[in-house]
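Quick note: the coordinates plus some simple rules give every number you see, no bench work behind them. Everything numeric in this text was worked out from a predicted model, so none of it was measured. Because the Cβ atoms are built from the backbone with ideal geometry, glycine has one as well, and the counts that use them run over all protein chains shown.
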């Protein structure tokens with residue numbers, strides 16, 4: 001075997017062409033040998049690989065076999081003329097700016113060469129697409145051998161949505177629903193960015209119990225309404241201070257519209273009928289919070305939190321909270337009666353984090369159970385406090401409502417605060433015997449958006 005050792009091979013004339021071997025010859029590159037290309041390579045695409053040209057194309061051009069091109073169609077559609085087909089020729093096209101869906105690339109045939117077996121031009125109109133085409137033969141022409149999207153090598157993507165009143169706190173968006181609406185997700189994000197949301201779902205509170213419309217310390221007095229069910233879940237990517245009822249994770253979301261239900265507060269009892277009504281449920285996705293228990297009679301109503309037992313009864317059965325049961329619990333029971341002699345005070349309604357208080361001596365009503373405090377809306381706010389039970393002395397104030405919107409205090413008996421899910425206050429025994437209505441609920445959704 002002959003061997004030639006030189007440091008450089010150049011054409012005989014300046015800017016000439018040097019040819020290695022003749023048609024049919026084979027050149028073998030031994031193992032361990034490296035070839036470095038410091039110029040422009042073409043015609044090396046027979047194996048399906050291209051040499052990518054990093055000069056971005058923004059207008060019409062003719063492709064060269066063996067090269068790949070980044071094409072920017074931001075300013076308008078681009079026409080790419082394919083090279084003359086030769087078996088093993090290859091080209092590549094990549095959407096540079098993610099705009100092929102707005103301004104497409106047209107692949108124009110060279111002469112009679114086919115694309116995908118058809119004598120028609122091809123159009124690339126998928127956002128972010130990258131394709132490699134290899135020329136096979138006159139029957140099929142150019143065939144796509146590889147295609148893909150940037151999403152197959154994902155970078156950080158974040159949840160994107162609309163609905164409710166939208167505010168921002170740092171890198172987080174907050175959607176607040178004080179009435180029915182729709183949380184519409186247009187991008188579900190990914191793990192590198194965000195793909196879950198934090199939520200707080202509070203139902204409507206129960207109405208307080210009415211009283212007999214007489215100024216008589218032996219008359220019936222109204223129990224406090226139970227707070228609406230309180231449910232909260234904090235996404236692992238979130239950083240706000242959650243309530244003690246926080247679930248350990250948020251909710252994953254997908255691209256869809258989520259109907260939002262915000263429960264109304266229960267109607268107040270009167271002197272006839274004296275029963276306060278339950279609040280209504282609030283709903284987001286798989287999370288349902290039950291309406292607060294009203295005050296249907298000797299037994300407090302069941303619900304997210306239970307209603308307090310009215311005065312002038314026997315000890316009465318407790319108004320159960322966390323009904324139906326969930327974990328963490330969505331509320332607490334209402335208070336029962338420990339004093340059953342005149343003047344008849346009533347028990348308080350249950351709150352998100354504490355049961356309603358029992359009545360006390362000398363006609364004292366029981367306070368509403370405390371609500372839960374969360375900073376999901378970027379401000380520490382208490383919600384879902386129970387309603388105060390009525391005092392047994394006619395003309396006096398009802399016991400205090402639980403922190404978090406529970407009704408109580410001054411006469412006439414006050415309603416629970418709207419959009420807190422607080423329970424309504426019970427009514428003392430005098431005309432007209434009106435109690436407080438339950439507070440409406442609220443739904444808050446929060447997620448990382450950048």
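State the label only: which of (i) 122, 44, 31; (ii) 81, 60, 46; (iii) 60, 52, 41 corresponds to Cα extents along the principal axes in Å computed from the shown model?
(i)
For a quick protection proxy, order the peptides 371-378, 19-26 by their average other-Cβ count within 10 Å, most packed first.
Going from most to least packed, we get 371-378, 19-26.
Given a cut-off of under 8 Å on Cα pairs at least six residues apart, what relative contact order in percent is computed for the chain?
14
So, R0 is 25 Å and r is the distance between the beta-carbons of residue 81 and residue 56; what FRET efficiency does that work out to, to 0.05?
0.90
Normalised by the number of residues in region 51-152, what is the relative contact order in percent for Cα pairs under 8 Å and 6+ residues apart?
Reported as a whole number, the value is 24 percent.
Relative to the present Cα-Cα distance, how much length would full extension add between residue 139 and residue 8 at 0.36 nm per residue of separation?
Result for the pair: 42.9 nm of gain on full extension.
With both partners inside the chain, how many of the DSSP beta bridges are antiparallel, as a percent to the nearest 5?
75
Pulled fully out, how much extra length does the chain show between residue 22 and residue 342, if you take 0.36 nm times their separation in residues and subtract their Cα-Cα distance?
103.3 nm
If one computes the Cα centroid of region 234-262 and of region 276-338, what distance in Å separates the two points?
Result: 24 Å between the Cα centres.
At a 10 Å Cβ-Cβ cut-off, how would you order 144, 339, fewest neighbours first?
144, 339
Sort 279-290, 112-123 by packing, meaning the average of other beta carbons within 10 Å per residue, with the highest value first.
Descending packing order for the listed peptides: 279-290, 112-123.
Packing-wise, with mean Cβ within 10 Å as the measure, how do 389-401, 205-217, 415-427, 75-87 rank, highest first?
415-427, 205-217, 389-401, 75-87
Rounded to the nearest 0.05, what FRET efficiency do residue 218 and residue 171 give with R0 = 56 Å and r taken as the Cβ-Cβ distance? Could you check?
Once rounded, the FRET efficiency stands at 0.40.
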